[in-house]
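Encoded as structure tokens, the structure appears first; notes follow it.
The values are calculated or read from the model by the stated rules, or taken from the named source; none is laboratory data. If you're wondering where the values come from, they're calculated on a predicted model, not measured in any experiment. Counting neighbours? That spans all protein chains shown, and the Cβs are built from the backbone with ideal geometry, glycine included. All accessible areas refer to the heavy atoms of the entire protein, side chains included, with ligands and DNA or RNA removed. Shrake-Rupley method; radii C 1.70, N 1.55, O 1.52, S 1.80 Å.
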Amino acid sequence: MQKIKKGDDVTVITGKDKGKRGTVLRVVDAEHVIVENVNIARKHQKPNPQAGEPGGIVDKPMPMHVSNVALYNPQKGGPDRVGFKILEDGRKVRVFKSNGEVVDV
């Protein structure tokens, strides 16, 4: 089980986009995530008439390491660490370290 999954609301805790919040669009591999409106690179793209793509400069979200983001805790109002807990029915769930609140229900 991963600490950060697709669709999670995260905060960037280090780097050029420190403090920005966004939703995880994709988990690239076990160690990299793509977050919306964070770590944007400008790419010079050639036109592709067969696919109908125009050329020019496009903004592209780049992957960032999961250690640079933290899950956003709405009760705390900021980033928080994540741990795991096994419930009475045997399910393994993610919990916030600061208040023990279950992340996924």
Pairs where the first residue, in region 84-105, is free of Cβ contacts under 8 Å to residues at least 60 places away in the same chain and the second is of a type in the set (D, E), C-beta under 6 Å, 6+ apart: V93/D104; F96/D80; S98/D80
Filtered residues of region 3-13 (kept if open to solvent by 80 Å² or more (accessible area, probe 1.4 Å) and touching a residue at least 24 places away in the same chain (Cβ under 8 Å)): K3
Condition broken by Q50, with the remaining ones in (1) part of a strand (DSSP E or B); (2) at pLDDT 95 or above satisfied: (1)
Matching option when the condition is out of contact with any Leu (no Cβ under 8 Å at 6 or more places or on another chain) and under 21 Å from V102 (Cβ atoms), among V38, V27, V82, V58: V27
Filter result (part of a loop (DSSP other than H, G, I, E, B) and open to solvent by less than 80 Å² (accessible area, probe 1.4 Å)) within region 14-29: T14, G15, D17, G19
Some residue of region 33-49 being within 20 Å of M1 (Cα to Cα), hydrophobic (A, V, I, L, M, F, W, C), open to solvent by 70 Å² or more (accessible area, probe 1.4 Å) and in contact (Cβ under 8 Å) with a residue 12 or more places away in the chain: no
Residue in region 30-37 that is in a strand (DSSP E or B) and touching a helix residue (DSSP H, G or I) at 6+ places or on another chain (Cβ under 8 Å) present: yes
